[in-house]
Amino acid sequence: MKQALVERAQALSRAAAWGDASKAWQEVIAASPQDPLAWKNLGLARAHAGQYPEAIDAFATGMQHGLPADEVATGTGIVFCLRQQYDVARDNLEMAVASNPQNLTAWSNLVVCYTRLGLVEQTFQAAGHVLAIDENNLSALGSLASLCKDMGLADEALAWARRAAEAAPDQPHLVSNLMWAMLHADSMTSEDLLEAGKEFNRRAQALVPANPLQSPLPSRREGGPSGLGEGKASSNASRPFPPSHLSPQRERQPQAAPRRIKIGWLSADLRNHAVGRFVIPVLEALDAQRSQSFIYNTGHLDDAWSERARQHATWREAANLSDTQLVALIRSDEIDILIDLSGHTDGSRLAALAQRAAPLQASWLGFPDTTGLSTIDHILVPPDPVLEAGNWCSETPLALPGCYCPREATTIDDTPRPPRDGKPFTFGSLNNLAKLSPTTLAVWATILQNEPDARLILVATAGDNLAVADDLRARFVAHGANPAQLDIRGRMDYEAYRACWREIDLGLDPFPFNGGTTGFDALCAGKPFVTLAGDSLHARMGRNLLVAVGLPELVAETVEDYIIKAVTLARAPADIAALHSRLPQQLRASPLMDVTGFARGLEALFEQLLITGRPADHRHAPDNQ
């Protein structure tokens with residue numbers, strides 16, 4: 001009896017159905033109340049389910065029944081890692097390894113913790129310890145990839161991410177990590193990303209269950225996960241859906257006339273996050289007579305922005321559902337088009353989309369490039385002929401109305417600018433250091449050499465670390481730049497960030513991974529920037545922002561042109577002053593600030609897609625063989 005309960009609880013934990021797993025471990029404990037391992041596993045399930053106080057209680061109870069102190073400290077550390085309270089997590093995990101130096105789980109999570117805190121030396125030391133014991137430890141390999149990326153060491157990050165992906169050739173999320181690292185590397189091409197996407201698709205499709213609906217969603221009347229117990233289940237919850245390997249367009253008939261569209265939004269970031277700050281105003285502007293929104297929240301963090309979203313959508317808590325359960329929920333809501341807002345980033349549920357959760361599935365915002373997944377029909381892009389051609393993606397591009405995404409006009413900073421008063425011309429990039437590719441650094445060093453009196457402000461979460469800052473300066477010096485021209489800043493709050501933009505005369509956009517949110521922030525601060533246009537979405541973010549705001553002259557097509565544009569503007573104070581003066585007005589009049597117009601265009605786009613039944617032309621569909 002107990003063994004059967006344990007096996008069921010373990011299966012639910014492996015499936016990441018954390019709400020059900022918690023209940024299952026409670027059943028194990030009911031059968032064996034003094035089993036310390038059951039209490040430990042209950043604590044882990046509760047932690048991943050976002051039940052943080054209850055998780056800590058479970059670990060403490062387990063200790064009363066013989067769970068070793070290092071295991072309790074490890075579990076508590078994991079809880080605080082999941083809560084993103086990394087300082088507290090570090091204290092607990094360091095206690096765990098001090099108590100038991102052989103506790104590999106504690107060491108692996110400590111590597112993650114050090115990485116998130118930007119502690120470079122500690123990360124490499126702890127990861128070295130883990131890899132000496134287990135050379136294919138995925139947590140350590142992934143953390144080293146993440147740290148190197150955050151330090152701007154793209155090629156080193158690629159090497160660690162590729163090693164992790166090769167160590168576990170059946171796990172799709174490791175290819176997701178590799179693709180995220182690839183976006184930052186100037187040694188990678190759009191063809192390389194497409195190939196990686198094919199590998200992701202192969203792994204994801206291999207894990208699609210043969211009979212996915214044999215694992216039904218828990219009954220809502222039996223108290224399923226939070227947010228699912230209200231209201232009645234759809235009367236059409238059992239309606240047939242196309243098998244995951246079939247194109248939905250072959251199953252879906254064109255609509256005879258427009259009707260209210262059901263739009264699903266899948267994300268862990270509909271909160272005070274870059275994705276949430278773009279999407280939530282659009283949700284608020286959608287016409288309730290034309291569309292109905294359903295949010296499938298795959299994260300545990302919640303704030304006032306989330307509450308704004310709840311007012312304009314049916315909110316479904318999905319973080320504790322397995323992929324199969326999530327698919328069943330989306331299907332029961334009869335969603336017409338499902339918009340994935342995560343892609344290959346944290347909180348990704350691409351494995352659910354691989355099971356064909358909705359007749360039409362599209363990707364937008366979270367991962368600014370191809371997902372590679374053959375069951376994602378479309379990728380939403382700004383109006384741009386290069387992107388609309390689709391040579392860079394496995395999905396069929398859909399051009400959005402006017403721009404890639406709009407923002408509320410209240411984000412424009414109208415604070416009066418202080419006079420320069422003889423201060424040196426200031427270039428700036430407030431992007432994450434991860435986007436500072438080797439070619440970007442070399443180009444910026446050349447600009448500084450051409451303007452020896454100018455300075456360059458850089459900011460990164462790792463900038464507080466003296467070793468990181470010194471390494472960055474050394475890389476500029478290697479390209480002939482004067483380190484005295486660099487002003488490297490670390491973590492800052494939002495007001496300090498806005499104030500930092502006021503010091504900058506001209507922004508420098510990194511490449512190939514342009515600043516999306518940061519580029520928008522520059523324009524809202526009244527500061528123009530120079531960008532280099534690439535051949536895929538993440539490499540044309542800057543270009544499309546500048547075109548939308550009416551500044552196409554700041555878009556360079558070559559590295560040499562980028563340098564010329566930056567240096568020319570630095571030597572033309574009247575031109576820079578004129579740009580600063582007219583930019584706020586141009587921004588207000590642009591599609592970038594027209595949230596209502598964007599929402600109307602988005603509705604029209606989706607309606608046309610459903611009415612015509614136009615098939616998704618997978619011109620570069622990944623190979624499933």
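Yes or no, residue by residue, for (1) free of Cβ contacts under 8 Å to residues at least 24 places away in the same chain; (2) open to solvent by 20 Å² or more (accessible area, probe 1.4 Å); (3) not β-branched (Val, Ile, Thr):
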site: 25; (1), (2), (3): yes, no, yes
site: 49; (1), (2), (3): no, no, yes
site: 67; (1), (2), (3): no, no, yes
site: 75; (1), (2), (3): no, no, yes
site: 91; (1), (2), (3): yes, yes, yes
site: 99; (1), (2), (3): no, yes, yes
site: 121; (1), (2), (3): no, yes, yes
- Query: Has region 480-490 got any residue that is touching a Ser or Thr at 6+ places or on another chain (Cβ under 9 Å), part of a loop (DSSP other than H, G, I, E, B), in contact (Cβ under 8 Å) with a residue 24 or more places away in the chain and at negative phi?
  - Reply: yes
- Please find, within region 524-550, the residue that is most open to solvent (accessible area, probe 1.4 Å) out of those that are of a type in the set (Gly, Ala, Ser) and closer than 15 Å to residue 589 by Cβ. 550
- Message: Tell me yes or no: at least one residue of region 602-609 is touching a helix residue (DSSP H, G or I) at 6+ places or on another chain (Cβ under 9 Å) and either modelled with pLDDT of 95 or more or part of a helix (DSSP H, G or I) (or both).
- Response: yes
- Message: Which count do you get for residues in region 387-404 that are open to solvent by less than 10 Å² (accessible area, probe 1.4 Å) and in a loop (DSSP other than H, G, I, E, B)?
- Response: 7
- Could you tell me whether region 152-172 includes any residue that is under 24 Å from residue 471 (Cα atoms), open to solvent by 30 Å² or more (accessible area, probe 1.4 Å) and within 17 Å of the chain's Cα centre (by Cα)? no
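Residue by residue, here is whether (1) modelled with pLDDT of 95 or more; (2) closer than 26 Å to residue 598 by Cβ; (3) of a type in the set (Gly, Ala, Ser); (4) part of a strand (DSSP E or B) holds:
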site: 238; (1), (2), (3), (4): no, no, yes, no
site: 266; (1), (2), (3), (4): yes, yes, no, yes
site: 276; (1), (2), (3), (4): yes, yes, yes, no
site: 279; (1), (2), (3), (4): yes, yes, no, no
site: 343; (1), (2), (3), (4): yes, yes, yes, no
- Breaking point among (1) of a type in the set (S, T, N, Q); (2) open to solvent by 50 Å² or more (accessible area, probe 1.4 Å); (3) assigned to a loop (DSSP other than H, G, I, E, B), for residue 431: (2)
- Message: If I filter region 3-21 for residues that are over 34 Å from the mean Cα position of the chain (by Cα), modelled with pLDDT of 95 or more, crowded, with 24+ Cβ neighbours inside 10 Å and of a type outside the set (Ser, Thr, Tyr), do I get at least one hit?
- Response: no
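So, in region 123-138, how many residues would count as being in contact (Cβ under 8 Å) with a residue 24 or more places away in the chain and open to solvent by 40 Å² or more (accessible area, probe 1.4 Å)?
Count: 4.
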- Message: I'm told residue 369 meets every condition in (1) surrounded by 20 or more Cβ atoms within 10 Å (Cβ to Cβ); (2) of a type in the set (Asp, Glu); (3) assigned to a helix (DSSP H, G or I) except one. Can you identify the failing condition by its number?
- Response: (3)
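The values are calculated or read from the model by the stated rules, or taken from the named source; none is laboratory data. Because the structure is predicted, anything quoted here is derived from the model rather than measured. Counting neighbours? That spans all protein chains shown, and the Cβs are built from the backbone with ideal geometry, glycine included. What goes into the accessible areas is simple: the full protein's heavy atoms, side chains included, and nothing from ligands, DNA or RNA. Shrake-Rupley method; radii C 1.70, N 1.55, O 1.52, S 1.80 Å.
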